[in-house]
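The values are calculated or read from the model by the stated rules, or taken from the named source; none is laboratory data. Since the structure is predicted, the reported quantities are computational estimates derived from the model, not experimental observations. For neighbour counting, all protein chains shown are included, and Cβ atoms are generated from backbone atoms with ideal geometry for every residue, glycine included. Quick note on the areas: whole protein, heavy atoms, side chains included, nothing else; ligands and nucleic acids left out. Shrake-Rupley method; radii C 1.70, N 1.55, O 1.52, S 1.80 Å.
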Amino acid sequence: MKNQIVIVGGGMVGAATAVKLAKQGHKITLIEPHAVLLNTNNSDEVPDIRVSALNRFSEKLLDELGAMPILREGRIAPYTRLSVCESLDTNLEFKASDIGETHLGHILENNLIQASLWQQFEALDIKVIGDAGKLKNIIQGKTPADKITIAFENITFETDLIVAADGGQSQCRKLVGIGSTGWQYQQSCMGILIKLDAPQQDITWQQFQPTGPVAFLPLQAPYASLIWYNHSQTLVEFNKLNEQQLKERVLTHFPVLPGYFEIVKKAAFPLTRSHANKYYQGRLVLVGDAAHTINPLAGQGVNLGFKDVSALADVLNNVDDVGCVNLLSQYENKRRNANLLMMSVMDGCYGVFSNDLKPLKMLRQFGLKVAKNSGPLKNQILKYAIGG
């Protein structure tokens, strides 16, 4: 008998969960009020400002789910080099060729990733409900063997498992009483879409500055994305500037870009960290941002979410009861500590690099120089970063 699974949230991670579990034979209902009707082959359109740096693990998962072949036919930007620096003499560059890979990952628009996954739904008989209305209640069964009930304004489901993929402010998580720890960083992040008069770029780089990192993410030419961390109030003011005024700030604060550029779009986002105290409660389980939000310093957010998807699917494959507490506990054991480690590493880098204290400045310059000449260790770090 097929297990019934309700997934709340149809973003990148929720959609990937739906496809992965449907491929295992489970009967999937997805609750998502915002239908995805995007054309993934839209190379003539201006890119969206929200992008992700997919590593090789995520690429392999999307290949397995049938999404990556669609993305390769559209607007896509692989990168083969990754550079981290504070100054020119401490530049640390990683190359795909150093570890026998053709590339390190891809920079892709979030909405295209989501749309490529949604295109798999019909063939897998995934039911999408967009008019469920506001989430009202979640009721666990009286015994572990009983099903779980989720009630919306317009519809109620009794199901074997609920997967909460409803983001950092997850209502599902709150309704079942799973607490979380975290904070909002004093800084915010601005994304700036630019149009470059330059050939296709194959390198993504990040430079650490006292006010926070700045980064360059290559999109399919002629576009690229600039990421600017700074004090929240500073970015509020920058967001009010017109394109020419903001361009003058970019020229002042960013390293030299590979060509003449124009600013196309801009948007500022708050930076938050949160981590659920548990990854499941009864027959409800958390994935992606519902379980963890991370400082986007190295673009690991969606990659961690896709690792959640893979781990959850591993423990739910060929089982009689997908809501069994032992299975959900296995999933939590696989992912919670791994996610916590990555979150702590990103916070450590953020704290060490985002200040101008002389002792820390000397320490990080020394660390970058050591890493630059570490040979095999540097390659092992790179393999871990790309999901190897």
Inset, instruction - Please state which one of ILE194, ILE138 is within 30 Å of ALA221 (Cα to Cα) and either in contact (Cβ under 8 Å) with a residue 40 or more places away in the chain or of a type outside the set (S, T, N, Q) (or both). - result: ILE194
Legend entry - Subset of segment 253-263 (residues that are of a type in the set (A, V, I, L, M), out of contact with any helix residue (DSSP H, G or I) (no Cβ under 7 Å at 6 or more places or on another chain) and crowded, with 16+ Cβ neighbours inside 10 Å): LEU257
Inset, instruction - For residues that are of a type outside the set (Ser, Thr, Tyr), open to solvent by 20 Å² or more (accessible area, probe 1.4 Å) and within 28 Å of ASP289 (Cα to Cα), tally how many sit in segment 176-198. - result: 7
Inset, instruction - Mind telling me which of the residues GLN120, GLN187 ends up being touching a residue at least 60 places away in the same chain (Cβ under 8 Å) and touching a Phe, Trp or Tyr at 6+ places or on another chain (Cβ under 7 Å)? - result: GLN187
Legend entry - Test: GLN201 is at pLDDT 90 or above, of a type outside the set (Asp, Glu) and open to solvent by 50 Å² or more (accessible area, probe 1.4 Å): no
Legend entry - Subset of segment 65-97 that is acidic (Asp, Glu) and loosely packed, with under 15 Cβ neighbours inside 10 Å - its residue that is farthest from LYS23 (Cα to Cα): ASP89
Inset, instruction - Output the number of the condition that GLY10 fails; it satisfies all remaining conditions of (1) at pLDDT below 95; (2) buried (at least 22 other Cβ atoms within 10 Å of the Cβ); (3) in a loop (DSSP other than H, G, I, E, B); (4) not acidic (Asp, Glu). - result: (1)
Inset, instruction - Scan segment 311-343 residue by residue and report those that are among the small types (Gly, Ala, Ser) and in contact (Cβ under 8 Å) with a residue 60 or more places away in the chain. - result: ALA313, GLY323
Inset, instruction - Go through the residues of segment 286-298 one by one and say whether even a single one is over 24 Å from ASN55 (Cβ atoms) and either hydroxyl-bearing (Ser, Thr, Tyr) or at pLDDT 90 or above (or both). - result: no
Inset, instruction - Check off (1) open to solvent by 30 Å² or more (accessible area, probe 1.4 Å); (2) part of a helix (DSSP H, G or I); (3) of a type outside the set (S, T, N, Q) for LEU235 and give me the number that stays unchecked. - result: (1)
Legend entry - Boolean, TRP205 is farther than 30 Å from ALA276 by Cα, aromatic (Phe, Trp, Tyr), touching a residue at least 60 places away in the same chain (Cβ under 8 Å) and part of a strand (DSSP E or B): yes
Legend entry - Flag if ALA291 is buried (at least 24 other Cβ atoms within 10 Å of the Cβ) and of a type in the set (Gly, Ala, Ser): yes
